[in-house]
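Worksheet for the structure shown next.
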């Protein structure tokens, strides 16, 4: 993704305060359990609950208004969430506890990610469904 390299030439890790909006208007609860990779892009009004761990690897893009949960009080699920290198999470998507989204995968907007997504695919929906495998030609 060429534009990420150009757009983030001077990228610096944002200052994250517990339960407070960053200067980019997203927030984290349990910030000590968040691992944030280099040149990540997190959209405004995204919420991350890292109680049981959230890892966001390098060059990940997260759209605005997303929710990432390592704990769910509705169904009592817990588990670390991992967003692998260069994956993209569409705006308004929800990632549930214990989910890993594979490297280079793209999640469509408004998706409910309740299971692991392999690398190099496009997936979307409620619940999430893989709709296409990415090849070198389709990237």
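Values quoted throughout were computed directly from the atomic coordinates according to the rules given, and no laboratory measurement underlies them. All values derive from a computational prediction rather than experimental measurement.
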Exercise. GNM on the chain, C-alpha springs below 10 Å: top fluctuator among 54, 106, 126?
Worked result: 126
Exercise. In the chain, what % of DSSP beta bridges are antiparallel (nearest 5)?
Worked result: 15 percent
Seminar exercise, completed: Read-out Rg and Dmax of the Cα atoms in Å, candidates (i) 14.4, 45; (ii) 14.1, 42; (iii) 15.6, 47; calculated match is (ii)
For this session: Find the relative contact order for segment 1-125 and round it to a whole percent, using C-alpha pairs within less than 8 Å whose residues are 6+ positions apart.
Result: 16 percent
Exercise. Using the Cα gyration tensor of segment 11-87, with a ≥ b ≥ c the square roots of its eigenvalues, what is the shape: rounded (a/c below 1.5), prolate (a/b larger than b/c) or oblate (neither)?
Worked result: prolate
Problem set entry | Added length on full extension, which subtracts the Cα-Cα distance from 0.36 nm per residue, residue 136 to residue 67 | 21.9 nm
Seminar exercise, completed: If the chain between residue 75 and residue 17 were fully extended at 0.36 nm per residue, the gain over the current Cα-Cα distance would be 18.1 nm
For this session: Name the most mobile residue of 32, 104, 120, meaning the one with the largest mean-square fluctuation, in a Gaussian network model of the chain with Cα contacts below 10 Å.
Result: 32
Seminar exercise, completed: Calculated from DSSP helices alone, with each H run of at least 4 adding -39500 (n - 2.57) and the total divided by the residues of the chain, [θ]222 nm to the nearest 500 comes to -1000 deg cm²/dmol
For this session: Between 83, 34, 21, find the one with the highest GNM mean-square fluctuation for the chain; connect C-alpha pairs within less than 10 Å.
Result: 21
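For segment 46-113, what percent of Cα pairs sit more than 14 Å apart?
Details: 1167 of 2278 pairs.
Counting every Cα pair in segment 46-113, those more than 14 Å apart make up 51 percent.
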